[in-house]
Amino acid sequence: MSRIVALMTSEPFLVRCELHRVRAEVSLDQPDQAVGVGAYEDHTALLRRYGPGAPRVDLWEAPESDAVVLMAQSLPVGQSMDDNMQPFRFRQWLFAHAGHVERPDGVRQALMESVPDYLQRAVRGGTVSEMMFATFLKNLRNIGRMEDPGLEAPIAAQVLAQTARAVDQAASEVAGPGKAQLAFVATNGRMLVAAARGQTHLYYRPLEGEGTCDRCGLKAGGKDSEPLVRDHRRRRSIVVSTHPAKPQAWMPLPDGGAIAIDKKVALHVLAPTDIR
């Protein structure tokens, strides 16, 4: 079962503190699964990968990045981790898919037929999830926004939800209706967007700033005159997860809906009726 944790923060130099804060609240690091981590450094998307059983002492130690995506999954025998491990990367975009579709090879072929040649050539692995990513990029390109640094987060979220709808339609034609279970997360480093469709659940939770931090050794009662305390109190983040430890403490994305988190960590919620 694949698992996603993604986070967007207002204070990238405190991103490790934020990941430390949520680590115990999500279920991610399964020893029998591979894990991929995507983040940004100097505006460049970076990937790290850990095979099953590999040491992971630095798994939660992301670079100073506004956005981080962590993905745990079991790869089929014979599939290369370098080519098939999520999150996937294309230029500035990172993408992860959790869930399941029936007859994935047929769905992958159906999606490939609608993707332009240059995106087909960029697909390195053999998974249907990577072809879902290519479909998302195609849809962004169709509106001329794939490499637009000014792309608004709500528009990206709408495109991601439209992609989920298109994948669901392709899966219905190949395997029958109701066969797609989709949880998508994507980021270009300036925003984080997520969409859900089918029975795969996706949850989100805002994290407000506080003056305590186990990682930094900050205890209750610190004063705002201390720069590190002040920085921790003004931080704001939003975390997204497929497997929170206590789902009742998180907010679920509705089936067919999406969320957008912009550079200022403002949250935009798109109901299924908002997806055109």
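For segment 162-187, filtering for residues that are closer than 20 Å to A96 by Cβ and in contact with a helix residue (DSSP H, G or I) (Cβ under 8 Å, 6 or more places away or on another chain) leaves 10.
One residue is enough: does segment 200-212 have a residue meeting the conditions loosely packed, with under 15 Cβ neighbours inside 10 Å and farther than 30 Å from S129 by Cα? Yes - at least one qualifying residue is present in segment 200-212.
Within segment 104-125, the residues that satisfy the criterion of being touching a residue at least 12 places away in the same chain (Cβ under 8 Å) and either open to solvent by less than 30 Å² (accessible area, probe 1.4 Å) or basic (K, R) (or both) are G106, V107, R108, L111, V115, L119, R124, G125.
The residue that is farthest from R190 (Cα to Cα), among those in segment 223-276 that are without any contact (Cβ under 8 Å) to a residue 60 or more places away in the chain and among the charged types (D, E, K, R), is K223.
For segment 155-177, filtered to residues that are in contact with a Leu (Cβ under 7 Å, 6 or more places away or on another chain) and in contact (Cβ under 8 Å) with a residue 40 or more places away in the chain, the residue that is most open to solvent (accessible area, probe 1.4 Å) is Q158.
Restricting segment 126-145 to residues that are out of contact with any Phe, Trp or Tyr (no Cβ under 9 Å at 6 or more places or on another chain) and assigned to a helix (DSSP H, G or I) leaves a set whose member that is surrounded by the fewest Cβ atoms within 10 Å (Cβ to Cβ) is N142.
When G150, G222, G144 are checked against the criterion of being over 15 Å from the mean Cα position of the chain (by Cα), among the small types (G, A, S) and at pLDDT below 90, G222 stands alone in meeting it. Among the residues making up segment 100-125, those that are among the aliphatic types (A, V, I, L, M) and in a helix (DSSP H, G or I) are V107, A110, L111, M112, L119, A122. Scanning segment 13-48 for residues that are under 17 Å from T187 (Cβ atoms) and in a helix (DSSP H, G or I) turns up V15, E18, L19, V22. Only a single criterion out of (1) in contact with a strand residue (DSSP E or B) (Cβ under 8 Å, 6 or more places away or on another chain); (2) surrounded by fewer than 15 Cβ atoms within 10 Å (Cβ to Cβ) is not satisfied by D42, namely (1). In segment 1-21, the residue that is surrounded by the most Cβ atoms within 10 Å (Cβ to Cβ) out of those that are in contact with a Lys or Arg (Cβ under 9 Å, 6 or more places away or on another chain) and either hydroxyl-bearing (S, T, Y) or over 13 Å from V240 (Cα atoms) (or both) is T9. Residue-level analysis places A180 among those that are surrounded by 24 or more Cβ atoms within 10 Å (Cβ to Cβ), of a type in the set (G, A, S), more than 22 Å from V265 (Cβ to Cβ) and under 19 Å from the mean Cα position of the chain (by Cα).
Please go through segment 219-238 and give me each residue that is within 25 Å of W250 (Cβ to Cβ), open to solvent by less than 70 Å² (accessible area, probe 1.4 Å) and part of a helix (DSSP H, G or I), ordered by number. Once the filter is applied, which keeps residues that are within 25 Å of W250 (Cβ to Cβ), open to solvent by less than 70 Å² (accessible area, probe 1.4 Å) and part of a helix (DSSP H, G or I), segment 219-238 yields only H232. Out of curiosity, is A24 crowded, with 23+ Cβ neighbours inside 10 Å and not β-branched (V, I, T)? So A24 fails the test.
Can you find even one residue in segment 80-99 that is among the hydroxyl-bearing types (S, T, Y), part of a loop (DSSP other than H, G, I, E, B) and surrounded by fewer than 18 Cβ atoms within 10 Å (Cβ to Cβ)? Yes, that holds for at least one residue. Being farther than 25 Å from T44 by Cα and more than 11 Å from the chain's Cα centre (by Cα) holds for only one residue in Q169, Q158, and it is Q169. Looking at R21, R91, just one residue is under 16 Å from the mean Cα position of the chain (by Cα) and not aliphatic (A, V, I, L, M), and that residue is R91.
The values are calculated or read from the model by the stated rules, or taken from the named source; none is laboratory data. Bear in mind the structure is a predicted one, so any value in this text is a computation, not a measurement. Glycine gets a Cβ as well: all are built from the backbone with ideal geometry, and neighbour counts include every protein chain shown. For the accessible areas, the whole protein counts, side chains as well, though only heavy atoms, and no ligand, DNA or RNA atoms are used. Shrake-Rupley method; radii C 1.70, N 1.55, O 1.52, S 1.80 Å.
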